Every structure is written in C-alpha cells, then in structure tokens.
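For reference, the structure is listed below as structure tokens.
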Amino acid sequence: LKQNLRSLHYADGTPIDSVWVYDDNESNAAIWGRLYSWDAAMHNSTSNGTQGACPDGWHLPSQSDFNELISFLGSSAGWKLKETGSQYWDEPNSNTNESGFSARGAGDKESVSGTYENLKGTTELWTSTENSSSRAYNLILYQGQGSAPIHNNDKENGFSIRCIKN
C-alpha cells in the first residue's frame with residue numbers, strides 16, 4: 001500500500017483490538033493512518049507472509065521484505081522512502097520519495113506510558129517477524145536521517161502498518 005493502514009476491522013469483518021489513532025483524534029486517521037499493536041497486526045498468526053490486519057490479497061511484510069527494499073534503495077533509503085517537504089515531516093529533511101513509498105512521520109504510541117510520541121518525527125512499521133515472545137521487528141524512519149534501520153520493539157507499542165500485494 002502507498003499509505004499506512006487505516007482499518008478498524010480484519011478482512012473477515014472482525015473488529016481489531018489494540019488499534020489507535022494518534023492523540024485519540026479520529027481526524028488524524030485520514031492523514032497518518034492508524035497505530036496497531038504487533039498482535040493486532042498479525043491477527044494471532046505466527047507465520048511470516050501472513051495477511052494479519054491487511055486486506056484480502058495483501059500481507060504484512062517480513063523483516064526480509066524490508067531488508068530487500070532497503071538494500072535495493074541503498075544507503076540513503078530513508079530519504080527515498082519519505083514524503084517530501086514539511087507537511088508530513090519536521091524540518092530539516094532531505095526527503096525525496098524517489099521510491100514512491102510516501103512514508104509520513106506518523107509517530108507511535110508507547111506501550112508503557114500510553115503516550116503518543118514523535119508525530120512528524122518518526123514512523124515505525126511493523127514486520128511479521130518475531131524477535132521473542134515480547135518483541136518483534138519493525139522498520140523505523142527518522143526525521144532528518146537517511147537511514148532506514150530495522151529495530152525490535154515491544155509488541156504492545158502502537159506502530160503503523162504497510163501491506164504488500166500478494
């Protein structure tokens with residue numbers, strides 16, 4: 001998908017638990033998408049390439065999928081993945097969006113504090129790849145940085161989802 005997932009329901013119509021919108025302001029969903037826990041993103045599946053919260057015909061990317069994208073784009077992959085200008089990312093930035101991925105600085109929801117953080121400063125995208133029983137891998141894009149590292153984070157954090165067409 002060329003935008004962050006905004007769904008409140010799985011493809012089968014079941015409501016998604018552990019889904020939020022930044023600052024609990026519903027108007028933010030149209031701009032930034034929604035934030036999901038890893039379990040919500042995976043929809044109780046444990047395999048890579050799973051549909052999870054993605055619509056029919058799409059799946060949650062694995063860590064390997066994001067590594068392949070980053071490798072293809074090269075050392076400045078972060079700049080190439082992010083929307084240009086200052087509407088969706090704080091300045092300074094050198095975003096080019098050469099890839100057409102159009103990432104926006106959607107921020108996140110911290111599981112421990114329950115606070116929303118980093119709007120226009122970061123975006124974190126879940127992968128389907130688990131690190132441990134409490135952690136999973138995610139791609140993170142930072143404002144002002146051209147890197148696109150893969151980290152592992154608490155599965156209860158609220159991060160964005162991008163889906164890949166099957």
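Listed values, structure above:
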item: Selection from 10, 118, 93 lying farthest towards where the dipole of the stretch 1-143 points positive, charges on Cβ; result: 93
item: Accessible area per residue in Å² at 1.4 Å probe, computed on the stretch 1-113; result: 49
item: Relative contact order %, the stretch 1-75, counting alpha carbon pairs below 8 Å whose residues are six or more apart; result: 25
item: Computed magnitude of the charge dipole of the chain (debye, nearest 20; Cβ of K, R +1, Cβ of D, E -1); result: 420
item: Cα gyration tensor, the stretch 58-125 - rounded (a/c under 1.5), prolate or oblate; result: oblate
item: Heavy-atom accessible area ranking, 1.4 Å probe, most first, across 59, 9, 43; result: 9, 43, 59
item: Given charges at Cβ of Lys, Arg, Asp, Glu: the chain dipole, positive-most of 57, 72, 19; result: 72
item: Read-out Rg and Dmax of the Cα atoms in Å, derived from the coordinates shown; its label in (1) 14.5, 42; (2) 16.9, 49; (3) 15.7, 47; result: (1)
item: Calculated [θ] (222 nm, deg cm²/dmol) that DSSP helices of n ≥ 4 give over the chain, each run adding -39,500 (n - 2.57); result: -3500 deg cm²/dmol
item: For the stretch 70-166: relative contact order, % (alpha-carbon pairs under 8 angstrom, 6 or more apart); result: 26
item: Relative contact order of the stretch 1-159, defined on C-alpha pairs under 8 angstrom at six or more residues apart (%); result: 23
item: Apportionment of accessible area to carbon and sulfur, the chain, percent (1.4 Å); result: 44
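The values are calculated or read from the model by the stated rules, or taken from the named source; none is laboratory data. Since the model is a prediction, treat every value here as computed from it, not as a measurement. No Cβ is skipped: glycine too gets one built from the backbone with ideal geometry, and neighbour counts run over all protein chains shown. Protein only, heavy atoms only, side chains kept; ligands, DNA and RNA dropped before computing areas. Shrake-Rupley method; radii C 1.70, N 1.55, O 1.52, S 1.80 Å.
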